[in-house]
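Trainee: Here you go, one structure.
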Amino acid sequence: MRPRTFVIITLLAACGLSVGGQGLSNGLTPAEPAATVGTQQSQAQTQLPDDPDQEMIPVAQPEPTPATGTPIEWQAQNQSRVGDVWTLSGNVIVHYRNYVLRADNIVYHQSTSELEADGHLQVAGGPNDVLINASHGDMRLNMHTARFYDVNGSQGVRRAGHTVVYSTTNPLLFSGRVLLQTGEGSYRIVDGSITNCRLPHPDWRIIARSIALDNDEASMHNAGFEFLGIPVFYFPYLSHPSDETGRSSGLLTPVVSNGSSIRGYTFGEQVYWAINRSMDMVVGSEYYSKRGWAPNGDFRYRGPGQDHLLARWNALLDRGVEQQVGTTEELVNQGGVDVSAAGRKDLSPQTRVAGTVEYLSSYVYRLIFDDNYTQATSSQVASDLGLIHNHNGFMPSISLDRFQTFASTANGDEAKILHLPTLRYDVLDRPLGSSPLMWSLSSSLSYLNRSEPDFHVRNVGRMDVYPHLSLPFSAGGWSFVPEVAYRDTFYTISQSPSRISTNGGIPAISHDPLNREDLEASVDIRPPALERDFELPFWNRELRHVIEPELTYRYVGGVGRNARDVLRFDTADTVTDTNEAGFSLTQRFYLREIHPKACAPEDEDDDGQCPAQPREWASWQLAQEFYIDPRFGGALISGRRNIFESALDLTGAAFLTAPRNISPLISRLRFDAIQNLRIQWDLDYDPKRGQMDADNLFAGYSFGRTTIGVGHALLNAVEENPGTTSSTLKSQIVAPFLEFGKQSGKGLNLAANGSYDFVAGEIQYGGVQGVYNWDCCGLSVGYRRFELGTIQGTGRNEHEWLYGFTLANFGTVGDIRRATAVFHDPALPPPY
């Protein structure tokens, strides 16, 4: 034996080295621990290592074969395979994940998931509904990367056969020399263009060297805008949202207007900030060449349920306009600020905060510069913010209220009423124990202020407690609701009314407290309704005529002449003694089909029949009050305009200027008999004065794409002149409107409306707008005229020309916006 061999064998024996292959199963079980005797022996054993022969032999797990390729399915007329390479030809259709690929020829490498396609290549699907048409291309399926050549396609357009469905509000059509896919839903177009118009000859398109379609947004640098093949604009940077929300932060379309006779030329820009999926904001400013800068903006929030907040602000930093003041020309500042907000937040299913808040610094600013005619002629600003909790009909609440009304455009000629704050505790009708009686409660604690020219009252405290008790019952088809109530109202300050022309009839403030108490009793009686049916076989209709009478009686006692000493802040302060009876007669007309038409299976009743659905096509109510106590317990002052609770429950037109036993007769007519025809006619006729106090008519009719209507408002209001005979304020305005189509409708669309004042004998407002929309563009022109000086005491004599050029899903260039459009805003209720 050689010495080297001898040494190796000796070393192996001495070291005890065992050489062997790894076992594939556990051939031994763990040895049971030996029993120990004594504590020292046990501790020694725990410190010694285990016997190597007792170790568990590890289990060997075979490693899985590495995954190769991406699971796909295909169909082809011819297919062959060499190794892991498949060659497909003839109407090849490949399905992988949520994509569908079509081509004439495809070579697929199964091990690397590489795919090469040639001839009429089309890829459709993905998270953004991308449709790509190309001459040829190659793809790496497992990495979502690709390269396509001679491309045209779309994003946000889903096709099913010949049907095209838009899966987003902002679909994009694109074309390019090369389209690179760099990831799932991420693309880059090289030497391409995007548009919303049909390819291959779009009316407009945006061209750029590189266009990125990523993060639900299309963005590009050094882009050019072409219209009908003619370069029009250059954009250093341009982005456009392409997801379903259509929201992306950035600069909005600039405002360029030929201006108006008051503003001059207008230039403006706004920045849009998509804060998150629930909030966004617009901030910007416009420049009026004749007046100065006009900052503006809005904030929107939409949360879960009914949670929302909408805030808008507009302002004008007016450099002034020259006006004749006396015998000299002076620079008059007509600028101001108008901020409004409306929102709601549900703190729990029973608790919410809600309200509307508005601040207007100057009525002149609104009158001169508000683009909306209705808002420009509104002289009232109201804010109301409240927190209310409703639990089983018990409703504690706290509110802050501010009411402001402008009497004219003169500074300081206004009235303000503040409730800062009002604490309320109300209880809805509920049973009184196990008895048939029902009880309810209204109570409040308020801190009040009021100011107007030559009259100011501050720091007024008011506590009002108003429990009710009623016993509703019916007998023989008659319904009775008798009710009794007690009311106690305490004021920390009162007034002393002036019944003569001293001090202009303005009451004097008294710091003596006032406690007003009254007992009330009333009954509401409703006899059985009278019904009769009439068959109209030639119309296939059945007419039902229903007459619903109602009788009321109400008594209030205990206030007396104290009603004159009560300061007025709201309707709670208009309570007076009264002894009155009234009637209401309502006629309703219903129609339904005698032989109903076929309906969907889900609309059938249990017998398999399609039930006829009656509808109310007309109603007419007549009502009047009779005052047994014509002086209302001594509260009425002759020659004045008296506003009492009894009159407010009947009509909004003041008529109590002298003792009287009968109120005006009110008529409320609703007519809906003809399809798409709506008529509402409200009339108040005063038999004592022999005239109509109010006459309001609103009517509209739609046929096809056309809507035509008219509004008419007549008011003969009592004007208070202390110490003299009351005179009458007269107003009569007619407002016709006509719409053919709608502002976003395809083809030609027209709208016109206006307002004519018969008393002043002039047109207050008139507007006309024409829109023509084709495939992906729209052109709009219009004209508006304001003439408000004669009715408001200031000079708004304005005319303005409007224009707008709209690109579908991009925006409008021009000065036609929601506030300036003559078309009815679709977000608002119908105009009639």
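Throughout, read-outs are computed from the coordinates displayed, never taken from laboratory work. These numbers were taken from a predicted model, which means no experiment stands behind them. Don't worry about glycine lacking a Cβ; one is built from the backbone with ideal geometry, like all the others, and counts go over all protein chains shown.
Trainee: Rg and Dmax in Å for the range 618-673, alpha carbons only: what are they?
Mentor: Radius of gyration, then largest Cα-Cα span, for the range 618-673: 13.7, 47 Å.
Trainee: What does the net charge come to around Leu683 if you take all other residues with beta carbon closer than 14 Å to its beta carbon, with K and R at +1 and D and E at -1?
Mentor: It works out to a net charge of -3.
Trainee: Taking the Cα centre of each part, how many Å lie between the range 727-770 and the range 424-460?
Mentor: Here the two parts' Cα centres lie 42 Å apart.
Trainee: Let me ask another. Binning at 10 Å from 0, report for the range 676-753 what percent of all alpha-carbon pair distances ends up in each bin.
Mentor: Computed distribution, short to long bins: 16, 32, 23, 16, 9, 3, 0.
Trainee: Once phi is turned into ³J(HN,Hα) by the Karplus curve 6.51 cos²θ - 1.76 cosθ + 1.60 with θ = phi - 60°, what whole-Hz value does each residue of the range 755-761 show in order, with x for glycine and proline?
Mentor: Values, residue by residue: 8, 10, 9, 6, 5, 7, x Hz.
Trainee: Sticking with this structure for a sec: I'd like the projected area of the range 417-490, averaged over all directions, using the convex hull of its alpha carbons. Report it in nm² with one decimal.
Mentor: In nm², the orientation-averaged hull projection of the range 417-490 is 7.3.
Trainee: Still on this structure, I have one more. Between rounded, prolate and oblate, where does the range 664-794 land on the alpha carbon gyration tensor, with a ≥ b ≥ c its root eigenvalues, rounded for a/c under 1.5, else prolate if a/b exceeds b/c?
Mentor: Here the range 664-794 falls in the oblate category.
Trainee: Could you check the simple spin-label distance between Leu310 and Leu536, using points 7 Å along Cα→Cβ, in nm with one decimal?
Mentor: About 3.8 nm separates the two model spin labels.
Trainee: Now for a different question. Using only the Cα atoms, what convex hull volume per residue in Å³ does the range 198-343 have?
Mentor: Per residue, the Cα convex hull of the range 198-343 comes to 158 Å³.
Trainee: May I pose another question? Where does the range 213-293 land on the Kirkwood hydrodynamic radius, alpha-carbon pairs, in angstrom?
Mentor: Evaluated on the range 213-293, it is 14.9 Å.
Trainee: Shifting gears a bit: Would you calculate the separation in nanometres between label points at Val85 and Ser135, each defined as 7 Å from the Cα along the Cα-to-beta-carbon direction?
Mentor: Using points 7 Å along Cα→Cβ, the separation is 2.4 nm.
Trainee: Could you derive backbone 3J(HN,Hα) for the range 554-568 from the dihedral phi with the Karplus parameters 6.51, -1.76 and 1.60 (θ = phi - 60°), listing whole Hz in sequence and x where the residue is Gly or Pro?
Mentor: In residue order, the calculated couplings are 9, 10, 10, x, x, 7, x, 6, 4, 4, 5, 8, 7, 5, 9 Hz.
Trainee: Say R0 is 51 Å: what FRET efficiency, to the nearest 0.05, do Thr728 and His201 get from their beta-carbon distance?
Mentor: That gives a FRET efficiency of 0.15.
Trainee: Over its Cα atoms, what ratio of radius of gyration to 2.2 N^0.38 Å does the range 303-412 give?
Mentor: 1.46
Trainee: May I pose another question? How charged is the neighbourhood of Ile106? Take every other residue with its Cβ under 9 Å from the Cβ of Ile106, and add Lys/Arg as +1 and Asp/Glu as -1.
Mentor: Neighbourhood net charge equals -3.
Trainee: Run a plain Debye calculation on the range 391-535 (Cα atoms as equal point scatterers, no solvent) and give log10 I(q)/I(0) at q = 0.17 Å⁻¹, rounded to two decimals, same order as the q list.
Mentor: -1.06
Trainee: Can you run phi through the Karplus equation (6.51, -1.76, 1.60; θ = phi - 60°) for the range 471-483 and list ³J(HN,Hα) in whole Hz, with x for Gly and Pro?
Mentor: Coupling constants for the range 471-483: 9, x, 7, 9, 7, x, x, 8, 10, 10, 9, x, 8 Hz.
Trainee: Taking 0.36 nm per intervening residue step and subtracting the Cα-Cα distance, what contour gain separates Val484 from Glu452 on full extension?
Mentor: 7.8 nm
Trainee: Roughly how many whole Å is it from the C-alpha centroid of the range 629-671 to that of the range 204-228?
Mentor: The range 629-671 and the range 204-228 have Cα centres separated by 68 Å.
Trainee: Full-extension gain between Leu519 and Glu719, please, as 0.36 nm times their residue separation minus the C-alpha to C-alpha distance.
Mentor: 68.8 nm
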